[in-house]
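Here is the structure we will look at, set down as structure tokens.
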Ligand code: FDA
């Protein structure tokens, strides 16, 4: 209930204005968001890199309804990729892109515009010497996102994508994407989805995650295990070993600000750990999904407002 309410609030303009206008929100947001600018994001990347961690940078923004804003997002990615390259960090960091931020929902030719914009970002990533992974948004976008992924991979075969274990279709999508050269970031899924398309029960989602992991680990692609769940992380290690994968043949991924000690532990023990670092001003939707994932975050947020 609480999760659905928070996810609904994450889509509400009225609540957005209230939350964004409150100056006391900022310090809490900063736990999950690395800064407002590309330079700040690159500085955080450097710090995480010094601790042996890898990074994927997400320039915050989603559900863009104006072509000019989509173009601005592309410029933002080109800028951060240039900065990463100049700082010698392109082997440490890649970028994550939401297709809805680069035009997927534009009323006319949205998919075509999103593809062209994503191609520009891929060119910039290739010039910088790094990769791009497509985030996955709600289930109404899955086919479109996987279609754009297919088109992008013709010229940029290293482009990766997120699959969400809570969707009933995902085990089959994993089979389709388990081939050589493919990069799949497997997560549980962060949106409010109907029962017709998604498992609702946490244990069912976890079981689906393990089934999907088995497919990816036994496949020929590069699995990216995006979860903070200790049980799933340990199962991922076992499945990788059973499949004969070396530590550099898959990676773990976690969000910036969540279980940082565990992030460092995995890296210190020789695992590859990538931190998903979100930055920028458009933090509202991202922040509300983080609150929805864990009721304790909401309590922390409300307490911090009350005690200031
Ligand atoms: P689960 O929610 O069961 O959490 C396990 C434990 O992790 C918790 O008990 C708690 O200790 C900790 N934890 C988890 N979330 C927390 C939070 N918000 N605050 C504090 N502690 C928390 N989703 C999506 O739909 N599309 C996408 O493209 C992506 N991309 C993505 C990239 C990466 C790198 C990650 C790690 C995650 C995503 N997600 C995502 C989000 C994902 O779907 C999911 O909502 C979160 O990762 C939480 O699920 P866990 O697997 O961590 O398990």
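Give, as residue ranges, the helices (runs of 4 or more DSSP H) completely inside segment 7-59 that count at least 1 residues that are under 20 Å from the mean Cα position of the chain (by Cα).
26-29, 38-50
Filtering segment 217-231 down to residues that are within 18 Å of the chain's Cα centre (by Cα) and buried (at least 19 other Cβ atoms within 10 Å of the Cβ), which residue is farthest from residue 4 (Cα to Cα)?
Among those that are within 18 Å of the chain's Cα centre (by Cα) and buried (at least 19 other Cβ atoms within 10 Å of the Cβ), it is 222.
Quickly run through segment 209-232 and pick out the residues that are within 13 Å of the ligand (Cβ to nearest atom) and farther than 27 Å from residue 28 by Cα.
Here is the first cut: in segment 209-232, the residues within 13 Å of the ligand (Cβ to nearest atom) are 209-210, 212-213, 223-232.
Result: 209, 210, 212, 213, 223, 224, 231, 232.
With (1) within 10 Å of the ligand (Cβ to nearest atom); (2) modelled with pLDDT of 95 or more; (3) surrounded by fewer than 14 Cβ atoms within 10 Å (Cβ to Cβ) as the list, and residue 193 as the residue in question, which single condition is left unmet?
(3)
Being within 16 Å of the ligand (Cβ to nearest atom) and free of Cβ contacts under 8 Å to residues at least 24 places away in the same chain is the filter here, so list the residues in segment 29-80 that pass it.
Within segment 29-80, just 30 meets the criteria.
If you scan segment 265-291, which residues turn out to be within 13 Å of residue 255 (Cβ to Cβ), at pLDDT 90 or above and either within 14 Å of the ligand (Cβ to nearest atom) or surrounded by fewer than 22 Cβ atoms within 10 Å (Cβ to Cβ) (or both)?
273, 274, 275, 276, 277, 278, 286, 289, 290
Answer yes or no as to whether residue 83 is assigned to a helix (DSSP H, G or I) and within 22 Å of residue 160 (Cβ to Cβ).
It is true that residue 83 is assigned to a helix (DSSP H, G or I) and within 22 Å of residue 160 (Cβ to Cβ).
For residue 256, indicate whether it is more than 10 Å from the ligand (Cβ to nearest atom) and within 15 Å of the chain's Cα centre (by Cα). Step through it out loud before you land on a result.
Working: more than 10 Å from the ligand (Cβ to nearest atom): no; within 15 Å of the chain's Cα centre (by Cα): yes.
No, not satisfied.
The values are calculated or read from the model by the stated rules, or taken from the named source; none is laboratory data. Since the structure is predicted, the reported quantities are computational estimates derived from the model, not experimental observations. Positions of Cβ are backbone-derived with ideal geometry, glycine not excepted, and every protein chain shown enters the neighbour counts.
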